[in-house]
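I have placed the structure first, in the form of structure tokens, so that the comments after it can refer back to it.
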Amino acid sequence: EELLMDERIKAFQYGQWFEQEFGLKPGDRFWTWKLCLSLAAQWGVKTIVETGCQRMREDWGAGCSTLLLGKFCEKFDARLSTVDISQENLELAKLVAAE
């Protein structure tokens, strides 16, 4: 019961952090990303595999998944692995993740 409450608090705090960090930049995907990553925080996710990575630095319409997932992993001590068929996209993902 106490551990479950700690996880709920962590998820709530993540939701607040998400809003402060990104504001409404994710556009139409704001609520989906916030819910998805809040649940991941609550469940204690430690590994995320991203299939297809961010293609442009500030392309919020495409989701900026690499940036969002990378920030989540940084905050919650998790690991992000990205797979993409484009070497160019992977290089951008490395740059975005390093920021």
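Odds and ends about this structure:
- Residue within segment 61-74 that is among the charged types (D, E, K, R) and either over 14 Å from P26 (Cβ atoms) or at pLDDT 90 or above (or both) present: yes
- L68 vs. criteria more than 13 Å from the chain's Cα centre (by Cα), surrounded by 16 or more Cβ atoms within 10 Å (Cβ to Cβ) and not polar (S, T, N, Q): no
- Residue match in segment 82-90 (condition: at negative phi, touching a residue at least 40 places away in the same chain (Cβ under 8 Å) and surrounded by 12 or more Cβ atoms within 10 Å (Cβ to Cβ)): no
- Across segment 72-99, the number of residues qualifying as of a type in the set (K, R) and either over 20 Å from F18 (Cβ atoms) or in a loop (DSSP other than H, G, I, E, B) (or both) comes to 1.
- Top-ranked residue of segment 33-78 - restricted to ones that are among the polar types (S, T, N, Q) and touching a Gly at 6+ places or on another chain (Cβ under 9 Å), ranked as farthest from A98 (Cα to Cα): S38
- Every condition in (1) of a type outside the set (A, V, I, L, M); (2) free of Cβ contacts under 8 Å to residues at least 60 places away in the same chain; (3) open to solvent by 80 Å² or more (accessible area, probe 1.4 Å) holds for C73 except the one numbered (3).
- So F12, is it open to solvent by 90 Å² or more (accessible area, probe 1.4 Å), at pLDDT below 85, farther than 24 Å from S86 by Cα and in contact with a Ser or Thr (Cβ under 9 Å, 6 or more places away or on another chain): yes
- Within segment 74-89, the residues that satisfy the criterion of being in contact with an Asp or Glu (Cβ under 9 Å, 6 or more places away or on another chain) and either β-branched (V, I, T) or more than 29 Å from Q42 (Cα to Cα) (or both) are T82, V83.
- Across segment 15-61, the qualifying residues are those that are more than 21 Å from D84 (Cα to Cα) and touching a residue at least 40 places away in the same chain (Cβ under 8 Å), and the one among them that is surrounded by the fewest Cβ atoms within 10 Å (Cβ to Cβ) is E21.
The values are calculated or read from the model by the stated rules, or taken from the named source; none is laboratory data. All of these numbers come straight from a predicted model, not from anything done at the bench. Here Cβ is always computed from backbone atoms with ideal geometry, including for glycine, and neighbour counts include all displayed protein chains. Ligands, DNA and RNA are stripped out before the accessible areas are found, and what is left, the full protein with its side chains, is counted by its heavy atoms. Shrake-Rupley method; radii C 1.70, N 1.55, O 1.52, S 1.80 Å.
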